[in-house]
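In what follows, a structure is listed as structure tokens, so that the remarks can point back to it.
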Amino acid sequence: MLAAGVGVRNSVEMGSREGVREAVAQGLGLGVVSDGAFTEDHRVVTLPVEGLVPHNHVQVVCRKGRAAVQLISSFLQTVRQLGAVGGAGSATKTIAG
């Protein structure tokens with residue numbers, strides 16, 4: 001964006017695509033969501049973006065102490081084998097609950 005002479009003065013990170021849609025619909029500015037996450041809404045329009053290579057960060061999480069359960073353990077092992085978790089720059093996450 002800077003190369004195109006566009007700067008961002010203020011930004012807000014929303015926790016959901018619905019939050020982004022509502023913020024845009026209420027006039028707070030532009031929002032960015034993936035094509036797969038966008039849901040049609042007559043109050044907003046989509047704008048094509050060229051030259052942007054988007055990426056997402058995805059984590060697999062489970063309740064602390066449950067990773068040893070056979071079904072969960074097998075699932076996590078499969079995910080690791082596929083390279084979706086535990087690869088370069090990522091890690092298996094465990095959360096308490």
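Each value in this text was obtained by applying a stated rule to the coordinates, not by laboratory testing. What you are looking at is a predicted structure, and each value in this text was computed from that prediction instead of being measured. So basically every Cβ, Gly included, is an ideal-geometry build from the backbone, and we count neighbours across all protein chains shown.
One table, with the values for the structure above:
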item	result
Given charges at Cβ of Lys, Arg, Asp, Glu: the chain dipole, positive-most of PRO54, GLY27, PHE75	PHE75
Loop GluC sites (Glu not before Pro), the range 1-80, which have at most 15 other Cβ atoms in a 10 Å radius of their Cβ (DSSP)	GLU13, GLU40, GLU50
Net charge dipole size for the chain [Lys, Arg +1 and Asp, Glu -1 on Cβ; Debye, nearest 20]	600
Cβ-derived FRET efficiency at R0 30 Å, ARG80 paired with MET14, nearest 0.05	0.45
Low-density loop cleavage sites - trypsin sites (Lys or Arg not before Pro) in the range 1-77, where at most 14 other Cβ are within 10 Å (DSSP)	ARG9, ARG43, LYS64, ARG66
Hz values of 3J(HN,Hα) by residue in the range 37-47 - Karplus curve (6.51, -1.76, 1.60), Gly and Pro given as x	8, 6, 10, 4, 8, 5, 7, 10, 10, 8, 10
Cα long-axis angle, helix 70-82 against the chain (0 to 90 degrees, to the nearest 10)	60
Residues of the range 7-22 with amide N under 17 Å of the 7 Å Cα→Cβ point at ARG43	14-22
Mean separation of Cα contacts under 8 Å, 6 or more apart, over the residue count of the chain: relative contact order %	21
